[in-house]
1. Identify all residues within the stretch 116-127 that are exposed (fewer than 12 other Cβ atoms within 10 Å of the Cβ) and part of a loop (DSSP other than H, G, I, E, B); write none if there are none.
2. Restricting attention to the stretch 10-23, which residues are farther than 12 Å from E73 by Cα and at pLDDT below 85?
3. Quick one: count up the residues across the stretch 15-26 that are without any contact (Cβ under 8 Å) to a residue 60 or more places away in the chain and farther than 12 Å from F70 by Cα.
4. Which one of Q30, Q76 is under 30 Å from E130 (Cβ atoms) and surrounded by fewer than 16 Cβ atoms within 10 Å (Cβ to Cβ)?
5. Going by the structure shown, is I64 among the aliphatic types (A, V, I, L, M), assigned by TED's automatic domain parsing to the domain that holds E83 and not in a helix (DSSP H, G or I)?
6. Residue under question is S71, and the condition is that it be modelled with pLDDT of 85 or more, of a type in the set (G, A, S) and out of contact with any helix residue (DSSP H, G or I) (no Cβ under 8 Å at 6 or more places or on another chain); does it hold?
7. Scan the stretch 133-159 for residues that are within 20 Å of E119 (Cβ to Cβ) and without any contact (Cβ under 8 Å) to a residue 24 or more places away in the chain and jot them down.
8. May I ask you to say which residue of E83, E29, E106, E124 is farther than 30 Å from G166 by Cα and either without any contact (Cβ under 8 Å) to a residue 40 or more places away in the chain or over 18 Å from the mean Cα position of the chain (by Cα) (or both)?
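The values are calculated or read from the model by the stated rules, or taken from the named source; none is laboratory data. Small disclaimer: the values here were computed from a predicted structure and weren't measured. We place every Cβ from the backbone using ideal geometry, glycine too, and count neighbours over all the protein chains shown.
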Amino acid sequence: MKLNLIARAYGEAFFFYVLETIGVEKCVEQIELLEKVVRDCPEMGLILKGPNISASEKFEFIDIYLKKYFSQEIIQLLQLLVENKHADLLPDIIRFIKAGTLQKEEVETVIKSAFPLDEQTVKEITKKLEAKYGKKLRVSAELDKTLIAGVQVEMGNTLIDGSLKGRLQELKDVIEYAGMY
């Protein structure tokens, strides 16, 4: 089954999001319920995808009819798909998450640091990331002196920035934003 790359990106992002919130078990339960609703009620798909139905009407539909049955995470996914005009990808996203593709494959991971990391440190970081995200990682380490201090981890499509450069950029963004008012 060849899956749409955009659906895969949504599925992967959603998976990492639910790891931090409702967890994998609840996610699978919610995805199975969503799949059943999509399969048994094709009208829902027509409403979410309908070009003649405004986004606000779609959000209202989600709020009135779906919010009481689904977790906040599923509701946010549906709203995001509507907002980005990708509701037609919902069946592929569901299949992607259900197939367990995210749970079974190794994720290419790069740990960047301002200073060389010893093998033991790389192993410790890898162990913690695998435990937190429930994924097997294929890790490589790179030196990036522009980070100043700390580490930056690129895990698939996810960036975890614990570098001083990243923190300074965040601070700069906040100052620039505050200066706009």
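1. Of all residues in the stretch 116-127, those exposed (fewer than 12 other Cβ atoms within 10 Å of the Cβ) come to 116, 118-120, 127.
Hits for the stretch 116-127 are P116, D118.
2. E12
3. Going residue by residue through the stretch 15-26, those that are without any contact (Cβ under 8 Å) to a residue 60 or more places away in the chain are 17-18, 20-23, 25-26.
Next, from what is left, pick out any that are farther than 12 Å from F70 by Cα: 17-18, 20-21, 23, 25.
Looking only at that region, the number is 6.
4. On the way: Q30 fails: surrounded by fewer than 16 Cβ atoms within 10 Å (Cβ to Cβ).
Among Q30, Q76, only Q76 is under 30 Å from E130 (Cβ atoms) and surrounded by fewer than 16 Cβ atoms within 10 Å (Cβ to Cβ).
5. Details: among the aliphatic types (A, V, I, L, M): yes; assigned by TED's automatic domain parsing to the domain that holds E83: yes; not in a helix (DSSP H, G or I): no.
So I64 fails the test.
6. On the way: modelled with pLDDT of 85 or more: yes; of a type in the set (G, A, S): yes; out of contact with any helix residue (DSSP H, G or I) (no Cβ under 8 Å at 6 or more places or on another chain): no.
Spelling it out, it is not the case that S71 is modelled with pLDDT of 85 or more, of a type in the set (G, A, S) and out of contact with any helix residue (DSSP H, G or I) (no Cβ under 8 Å at 6 or more places or on another chain).
7. Within the stretch 133-159, no residue meets the criteria.
8. On the way: E83 fails: farther than 30 Å from G166 by Cα; E106 fails: farther than 30 Å from G166 by Cα; E124 fails: farther than 30 Å from G166 by Cα.
Going through E83, E29, E106, E124 in turn, just one is farther than 30 Å from G166 by Cα and either without any contact (Cβ under 8 Å) to a residue 40 or more places away in the chain or over 18 Å from the mean Cα position of the chain (by Cα) (or both): E29.
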